[in-house]
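Take a look at the structure set out below.
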Amino acid sequence: MKTKALYSGSFDPPTMGHMDIISRAAKLYDELVIGVIGNPSKKSMFTLEEREDMLRETLKDFDNVSVDHFSGLLADYVNSNGFNVVVRGLRSTTDFDYEIQMAHMNDRLFNDSVETVFLMTDPKYSYISSSVVKEVFTLGGDINGLVPDEILKRMIK
Ligand code: COA
């Protein structure tokens with residue numbers, strides 16, 4: 001059976017923590033889709049289209065990785081697009097508490113054959129989030145190495 005996995009998030013902006021999870025998940029599954037979502041509860045730096053473009057540019061060398069966007073329930077997108085795995089990254093026990101609740105709720109909503117799989121974030125990136133990277137950048141701090149080079153260039157622009 002071919003495996004089709006989804007890694008979703010706001011990616012505003014994508015960080016090296018996301019890239020770490022994506023590159024590892026791409027080795028585990030036949031196909032990996034990065035599902036970008038516009039999260040109305042978060043104030044964004046980049047539009048949905050810009051985030052998709054940035055991800056496509058950064059991930060162009062991965063043959064089995066593609067980028068898409070969706071709105072509404074993640075489970076609806078998963079069920080109607082033939083995914084059998086949802087990948088999530090875990091940085092800390094705080095993530096775990098939130099993730100377990102989401103995984104159990106999604107499990108109710110998923111078709112029978114869908115599993116949520118957790119990958120432990122590389123400890124190098126366990127303290128970063130898109131918001132903290134944006135805040136440090138906006139206040140003039142150095143974020144070299146925390147976001148891919150192409151994305152840093154776009155942020156500077
Ligand atoms: N390395 C670095 N940072 C990471 C990371 C990693 N491995 N994993 C997550 N993060 C960061 C993200 O950048 C994000 O930062 P931010 O809050 O500053 O933007 C933060 O950790 C939280 O990540 P995540 O939980 O993935 O939030 P998100 O907004 O990126 O995505 C969805 C959340 C899309 C997965 C979730 O909101 C969703 O499924 N929405 C659809 C609606 C739905 O189905 N709701 C019911 C769910 S049961």
**Prompt:** GNM on the chain, C-alpha springs below 10 Å: top fluctuator among 79, 111, 144?
**Reply:** 144
**Fill in**
Given backbone amide H placed at 1.01 Å from N, residues whose amide H is under 5 Å from that of residue 116, ignoring those fewer than 5 places away on the same chain, are 86
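Just by accessible area at a 1.4 angstrom probe, what is the order of 18, 69 from largest to smallest? Present the calculation step by step, with values, prior to reporting the outcome.
Numbers: 18 35, 69 90 Å².
Reading off the accessible areas and sorting them downward yields 69, 18.
Once you have the alpha carbon radius of gyration of segment 69-136, what is it after dividing by 2.2 N^0.38 Å, with N set to its residue count? Walk me through the numbers before you get to the answer.
Values: Rg = 13.8 Å, N = 68, 2.2 N^0.38 = 10.9 Å.
Segment 69-136 yields a ratio of 1.26.
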**Helical contribution to [θ] at 222 nm, DSSP H n ≥ 4, -39,500 (n - 2.57), averaged over the chain, rounded to 500** = -12500 deg cm²/dmol
**Global size of the chain as Cα Rg and Dmax, reported in angstrom** = 15.2, 49
**Request:** Go through segment 92-107 residue by residue and turn each phi into a ³J(HN,Hα) via Karplus (6.51, -1.76, 1.60, θ = phi - 60°); whole Hz please, and just put x for glycine and proline.
**Result:** 7, 5, 5, 4, 4, 4, 6, 5, 5, 5, 5, 5, 5, 5, 4, 4
**Prompt:** Using +1 on the beta carbon of Lys and Arg, -1 on that of Asp and Glu, and nothing else charged, what's the dipole of the chain about the Cα centre, debye to 20?
**Reply:** 220 debye
**Most positive-pole-ward Cα, 139, 93, 44, against dipole of segment 4-156 from beta carbon charges** = 139
**Request:** Compute the longest continuous run of the chain that contains no exposed chymotrypsin sites (Phe, Trp or Tyr not before Pro); treat a site as exposed when its DSSP state is not H, G, I, E or B and it has at most 16 other Cβ atoms within 10 Å.
**Result:** 63-126
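The values are calculated or read from the model by the stated rules, or taken from the named source; none is laboratory data. Here the structure is a predicted model, which means the values were calculated and not measured. Note that we place each Cβ from the backbone using ideal geometry, even for glycine, and neighbour counts take in every protein chain shown. Areas reflect the complete protein model, heavy atoms only, side chains present, ligands, DNA and RNA absent. Shrake-Rupley method; radii C 1.70, N 1.55, O 1.52, S 1.80 Å.
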